[in-house]
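The values are calculated or read from the model by the stated rules, or taken from the named source; none is laboratory data. All values derive from a computational prediction rather than experimental measurement. Note that we place each Cβ from the backbone using ideal geometry, even for glycine, and neighbour counts take in every protein chain shown. SASA here: full protein model, heavy atoms, side chains in, ligands and nucleic acids out. Shrake-Rupley method; radii C 1.70, N 1.55, O 1.52, S 1.80 Å.
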Amino acid sequence: MPDAAAPAAPRADLIVTNALIVTADAGFSVIPDGALAVRDGRIAAIGPAAEIGRDAAEVIDAGGAILMPGIVNTHCHAGDSLFRGLVEDLPLEPWLQTVWKAEKAILTRETTRLGATLGLAELLLSGVTTAMDMFWFPEETARAARDLGMRVATGGIFIDFPGVDFVTMDDRIAAAKDFFAEFEGADDILPTIMPHGTYTVGPDNLAAAKALAEDHGALFCTHAAETVAEQADIANRYGRSVIRHLDHLGCLDERTVLAHCVWLDDEEIAILARTGATVSHNPVSNLKLASGIARVPDMLDAGVRVTVGTDGAISGNDLDMWMALRLAATLHRGATRRADAVSTQAALAMVTREGAAALGALDRIGSLEVGKFADMILIDTGPVHAAPLFDPMTHIVFSTAKSDVRDVFVSGRRVVRDGVLTAIDIGGTLARVRALAPAIAASIA
Ligand SMILES: [Zn+2]
């Protein structure tokens, strides 16, 4: 009880109590019988349930569920969920040509919003509270995220050919600036500049894209070193490997996120470590498209920041960060025959605090600590596959499934309650997607 003479702390808006809290703070502290108080969207207190008490406008008894930070997915194309399962059994290069054909036939602003809502809803329901997303009409993805109540890092797309939206490079720069004008300074949208890759964006446009990002203090994200063919193509064109090329153009720093990085030599890994650029490791996509296995243990040993992404549902068929997390933690053990190649804690960091750091947002999200936004998820520990439960971090990395995510909070707002979205009715979205499916199937016929 507070001292009678001391001013009482303002009442909390929400307290989640009786939870097994995995904070993902710097020491990865775990609070066995914990509680967390939220005030004005931020974490006001966290600690043993007996100390936090229950004085709040709303109290949620977690019933022993795991409370952990919302998952951060650092590479996604949510809108591509419209094309789930459409283009199969091809390696990246012919696969991408078919994907672009389908996208050109189907995507308008309206259908992009539909696909983004579908993909982001899948992410949010599975506990992803922040996603970095690269897609056509990025403002539609930002608006879809806002409707659902989640955070997204997205923004101006750069690609040298006309693309789905049939616009010129000048139009792309103008569109990126419009995006900044609409979303800069928002808590829920992290403006980003997103050139597609070194093989689809020439050196001048890559440098211009990075300059635009720097002008606005924005993030910069591109695909890099995904396949052997891409590395050969860039070496052929510019006489340098992909990472050397990006470094030469001044595109690599702490604000840069590179998706895939499957094919890197030792010096390229050293360049990533020196510049502070982040890798988004996408194991599901890399396996399904037969791209290869990224050198994640070598990157970690070199001090490269490694995070995890799903890529789009057109390559991985769903947006399952739990599958990606488990692969990030197991694949490299098998590939190197070293049981310590990626530790449990390192894997968990990739989808929480490292993901937040990659987006320049570790001061606000990525762990459960006082002062940060209350972006958090409750994981049901009732299922058969959760018994017995000795170590919650081991359970999260190796046993948890997306269907175990029961409740999701963003800035303390419950956006998923008992496995159901609270901000929108997803039924209408599903009906429209299913009605569009025949046209989608016909788009590549
Ligand atoms: Zn991608």
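Every residue, every condition in (1) more than 22 Å from the chain's Cα centre (by Cα); (2) in contact (Cβ under 8 Å) with a residue 40 or more places away in the chain, yes or no:
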position	(1), (2)
148	no, yes
158	no, yes
168	yes, no
172	yes, no
186	no, no
192	no, yes
196	no, yes
206	yes, yes
For this session: Looking only at the range 44-64, count how many residues are crowded, with 21+ Cβ neighbours inside 10 Å and either within 14 Å of residue 368 (Cα to Cα) or in contact (Cβ under 8 Å) with a residue 60 or more places away in the chain (or both).
Result: 4
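Got a sec? Which of 104, 177 is of a type in the set (D, E, K, R), modelled with pLDDT under 95 and assigned by TED's automatic domain parsing to the domain that holds residue 290?
On the way: 177 fails: modelled with pLDDT under 95.
Selected residue: 104, the only one of 104, 177 that is of a type in the set (D, E, K, R), modelled with pLDDT under 95 and assigned by TED's automatic domain parsing to the domain that holds residue 290.
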Exercise. Which one of these does residue 356 not meet: (1) closer than 16 Å to residue 257 by Cβ; (2) open to solvent by 10 Å² or more (accessible area, probe 1.4 Å); (3) in contact with a Leu (Cβ under 8 Å, 6 or more places away or on another chain)?
Worked result: (2)
Problem set entry | Hits in the range 368-397 (condition: closer than 23 Å to residue 357 by Cα and open to solvent by 30 Å² or more (accessible area, probe 1.4 Å)) | 369, 370, 371, 394
Exercise. Within the range 301-313, how many residues are in a helix (DSSP H, G or I) and surrounded by fewer than 20 Cβ atoms within 10 Å (Cβ to Cβ)?
Worked result: 2
Problem set entry | Residues (touching a residue at least 24 places away in the same chain (Cβ under 8 Å), polar (S, T, N, Q) and either outside the structural domain of residue 17 (by TED's automatic domain parsing) or not in a helix (DSSP H, G or I) (or both)) located in the range 380-433 | 381, 400, 411, 422, 429
Exercise. Yes or no: residue 49 outside the structural domain of residue 223 (by TED's automatic domain parsing), closer than 29 Å to residue 403 by Cβ and more than 16 Å from the ligand (Cβ to nearest atom)?
Worked result: yes
Problem set entry | Identity of the residue in the range 314-354, within 16 Å of the ligand (Cβ to nearest atom) and assigned to a loop (DSSP other than H, G, I, E, B), that ends up nearest to residue 30 (Cα to Cα) | 320
Problem set entry | residue 74 being buried (at least 20 other Cβ atoms within 10 Å of the Cβ) and under 20 Å from residue 352 (Cα atoms) | yes
Seminar exercise, completed: Of the residues in the range 256-267 that are within 16 Å of the ligand (Cβ to nearest atom) and either part of a loop (DSSP other than H, G, I, E, B) or among the aromatic types (Phe, Trp, Tyr) (or both), the one that is farthest from residue 280 (Cα to Cα) is 263
Exercise. Out of the residues in the range 77-88 that are crowded, with 24+ Cβ neighbours inside 10 Å and hydrophobic (A, V, I, L, M, F, W, C), which is farthest from the ligand (Cβ to nearest atom)?
Worked result: 82
Seminar exercise, completed: By residue number, the members of the range 173-190 that are closer than 18 Å to residue 410 by Cβ and crowded, with 16+ Cβ neighbours inside 10 Å are 183, 188, 189, 190
For this session: Scan (1) of a type in the set (A, V, I, L, M); (2) touching a residue at least 40 places away in the same chain (Cβ under 8 Å); (3) open to solvent by less than 20 Å² (accessible area, probe 1.4 Å) for the single condition residue 294 breaks and write down its number.
Result: (2)
